[in-house]
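Written out below as structure tokens is the structure these notes cover.
The values are calculated or read from the model by the stated rules, or taken from the named source; none is laboratory data. Remember, it's a predicted structure, so these values are computed and weren't measured experimentally. With ideal geometry, Cβ positions are generated from the backbone for all residues, glycine too; neighbour counts draw on all protein chains shown.
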Amino acid sequence: CNPMDLRRGSQAAVEAVIEFLQKNKKEITTSEEIAQVATISANGDKHIGDLLANAMEKVGKEGVITVKEGKTLEDELEVTEGMKFDRGFISPYFITNTKTGKVEFENPLILLSEKKISSIQDILPSLELSNQTRRPLLIIAEDVDGEALAACILNKLRGQVQVCAVKAPGFGDNRKNTLGDIAILSGGTVFTEELDIKPENATIEQLGSAGAVTITKEDTVLLNGEGSKDNLEARCEQIRSVIADVHTTEYEKEKLQERLAKLSGGVAVI
């Protein structure tokens, strides 16, 4: 069998299947239909299906639904303000829950940097603030490597500071804008060379805060950011106005819609 013929045949089959599915798909719009699909996915458990449908109704199709181990015997649904993005921890040494393979922080400080952090001097003030306040530290930057990453891992392994480093999501202007969104959500400042704001001079007022953070190898979820609700709404309104601008391209609109969904959709925690 010729491999190229096999490849072409497979591609033709895929295209035929996709075309068939597109023609025969049924859009589900009601809460009852969502509950039916969710119940099937939950092995016929109607209670879980209804819970998922309720969660989806509250956060919308662009919102985030996550599952967390509860402290009671009942299944509960809680909708909070938050954001999820597709970047996980840089090193598995940061994991705090070995059972789930996740980093789980309560009430962390958040350091946001537009540039790569390599020098220990860039993170020293934030590590000291984390230690003084006995609060975990989440670093979100273009990248964290070198002696800065080594210092974070060493502090974590010694139990001196709970810390985790995550690469900022996106690229170029999109990354810059997303960091700005996280800053608005968390009430922090993005350290940037453009404005001559350097992380080596970080103060507690410049660090963001969140009620909780969960980080896996693939993604990060911020819950209950402590930023101003007025600033958050103003940011959303600014994004909506750019989407409505006739000069905004379709690609730009798509990226803006994603940002708006992350900022306004919320997170449902089951």
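Points worth noting:
Here is a yes/no grid of residues against (1) within 25 Å of LEU149 (Cα to Cα); (2) in contact with a helix residue (DSSP H, G or I) (Cβ under 9 Å, 6 or more places away or on another chain):
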{"residue": "GLU74", "(1), (2)": "no, no"}
{"residue": "LEU77", "(1), (2)": "no, yes"}
{"residue": "GLY82", "(1), (2)": "no, yes"}
{"residue": "LYS99", "(1), (2)": "yes, no"}
{"residue": "LYS102", "(1), (2)": "yes, no"}
{"residue": "PRO108", "(1), (2)": "yes, yes"}
{"residue": "GLN121", "(1), (2)": "yes, yes"}
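- Residue count for the range 1-32 satisfying the condition of being of a type outside the set (Ser, Thr, Tyr), under 28 Å from GLU57 (Cα atoms) and exposed (fewer than 10 other Cβ atoms within 10 Å of the Cβ): 7.
- Every residue from the range 217-254 that is under 30 Å from PHE105 (Cβ atoms) and hydrophobic (A, V, I, L, M, F, W, C): VAL221, LEU222, LEU223, LEU232, ALA234, CYS236, ILE239
- Criterion violated by THR192 - all others in (1) touching a Cys at 6+ places or on another chain (Cβ under 9 Å); (2) of a type outside the set (Asp, Glu); (3) over 24 Å from ASN97 (Cα atoms) satisfied: (1)
- Where THR214 falls short, out of the listed (1) among the β-branched types (Val, Ile, Thr); (2) farther than 29 Å from LYS102 by Cα; (3) in contact with a strand residue (DSSP E or B) (Cβ under 8 Å, 6 or more places away or on another chain): (2)
- Check on GLY225, within 18 Å of the chain's Cα centre (by Cα), closer than 26 Å to LYS115 by Cβ, small (Gly, Ala, Ser) and modelled with pLDDT of 90 or more: no
- Residues (among the polar types (S, T, N, Q) and either within 14 Å of the chain's Cα centre (by Cα) or in a helix (DSSP H, G or I) (or both)) located in the range 133-187: THR133, ASN155, ASN174, ASN177, THR178, SER186
- LYS167 being modelled with pLDDT of 95 or more, surrounded by fewer than 22 Cβ atoms within 10 Å (Cβ to Cβ) and over 11 Å from MET83 (Cβ atoms): yes
- Considering the range 84-117, the residues that are hydroxyl-bearing (Ser, Thr, Tyr) and touching a strand residue (DSSP E or B) at 6+ places or on another chain (Cβ under 8 Å) include one that is surrounded by the fewest Cβ atoms within 10 Å (Cβ to Cβ), namely SER91.
- Residue ID - farthest from VAL221 (Cα to Cα), chosen from residues in the range 240-262 that are of a type in the set (A, V, I, L, M) and at pLDDT 80 or above: VAL246
- Pick from the range 200-231, criterion assigned to a loop (DSSP other than H, G, I, E, B) and not hydroxyl-bearing (Ser, Thr, Tyr), ranking: farthest from VAL163 (Cα to Cα): GLY227
- Answer residue from the range 196-212, given it is over 13 Å from LEU137 (Cβ atoms) and among the hydrophobic types (A, V, I, L, M, F, W, C) and is surrounded by the fewest Cβ atoms within 10 Å (Cβ to Cβ) among those: ILE197
- Residues that are part of a helix (DSSP H, G or I) and among the polar types (S, T, N, Q) are absent from the range 188-199.
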